[in-house]
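The values are calculated or read from the model by the stated rules, or taken from the named source; none is laboratory data. What you see is a predicted model; the values in this text were computed from it and never measured. Neighbour counts run over all protein chains shown; Cβ positions are idealised from the backbone, glycine included. All accessible areas refer to the heavy atoms of the entire protein, side chains included, with ligands and DNA or RNA removed. Shrake-Rupley method; radii C 1.70, N 1.55, O 1.52, S 1.80 Å.
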Amino acid sequence: AEEHLFSQFRLDQLQVIREKRVIKISVSEKISRVIWESQGKQYVVDENGLVLSEIAPTPVVDEVVAGEEAIEASGLDYTLLRPSMIFGPGDDRNLSRLRAFLDRYHVMPIFGSGENLVQPVYVADVAAATAGVLLRAGTVGKTYTLAGPEPMAYGDMIDTLAELAKLTVIKVHV
């Protein structure tokens, strides 16, 4: 029934609905400590995790920001985590889907030059960061960007995936 309830909303509307539900439940159940995983895609960051600029507003970005603001204004002891593209074993909904696409088509559309930077983060590193902030009182009210060790160009990431999968992939720049 809950899944049907959410089917009436666009994806960009679900972010703030989710935060408001978590806040309401946390307050009613007297849960005081919340570790909230948001999305890192609303910001451009440098190799040290320093926010360089905000990405132009879109409905999704607006809802991510609104959801974060709701958590920050909730009165709960929160820590906000903003992981970049998470990857790991199984269907990580990121690199595993790219790999499946490459396996099937051997062609990858690349928007623009392919030089835009990505910094995928391993799922175990996200889990360790989550546990780490939960155990440290000094993290309350703070926001952390979680990213992999090195930024890489999107086109290079596709090359790396193809190489690891032993695939020949044609990149088509659009």
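In terms of Cα to Cα distance under 25 Å, which lysines are near enough to Lys142, apart from those fewer than 8 places away along the same chain?
Reachable lysines: Lys20, Lys24, Lys30, Lys41.
With the full set of protein chains in place, find how many percent of the accessible area of segment 121-172 is carbon and sulfur; take the probe as 1.4 Å.
Reported share for carbon and sulfur atoms: 62 percent.
Please list, in chain and number order, the residues 5+ apart from Met85 or on another chain whose amide H is under 5 Å from its amide H, with Hs placed from the backbone.
Residues meeting the criterion, in which the H sits 1.01 Å from N, are Gln119, Val121.
Over the heavy atoms of Tyr105, what accessible area does a 1.4 Å probe trace out, to the nearest 10 Å²?
About 110 Å², rounded to the nearest 10.
I'd like the accessible area for Leu135: 1.4 Å probe, protein heavy atoms, all chains in place, Å² to the nearest 10.
The accessible area comes out at roughly 150 Å².
Under 17 Å from the 7 Å Cα→Cβ point of Arg33, by amide nitrogen: which residues of segment 80-121?
Taking a point 7 Å out along Cα→Cβ of Arg33, the residues of segment 80-121 whose backbone N falls under 17 Å are 80-81.
Report ³J(HN,Hα) in whole Hz for each residue of segment 136-152, in order, from the Karplus equation J = 6.51 cos²θ - 1.76 cosθ + 1.60 where θ = phi - 60°; Gly and Pro get x.
Values, residue by residue: 10, 4, x, 8, 5, x, 10, 10, 10, 8, 10, 9, x, x, 9, x, 9 Hz.
Note down the net charge around Arg136, summing +1 for each Lys or Arg and -1 for each Asp or Glu among other residues with Cβ under 13 Å from its Cβ.
Result for the neighbourhood of Arg136: +1.
Can you give the accessible area of Ile25, probe radius 1.4 Å, in Å² rounded to 10?
Taking all protein chains as shown, Ile25 has close to 90 Å².
Could you please put Arg99, Arg82 in sequence from largest to smallest accessible area, using a 1.4 Å probe?
Result of the area sort, largest leading: Arg99, Arg82.
Calculated FRET efficiency, Ile25 and Thr168, Cβ-Cβ r, R0 35 Å, to nearest 0.05?
Step by step, r from the Cβ atoms, then E = 0.10.
Give me the accessible area per residue for segment 104-155, probe 1.4 Å, as a whole number in Å².
Each residue of segment 104-155 exposes 60 Å² on average to a 1.4 Å probe.
Residues with beta-carbon under 13 Å from that of Leu164, excluding Leu164: net charge, scoring Lys, Arg +1 and Asp, Glu -1?
-2
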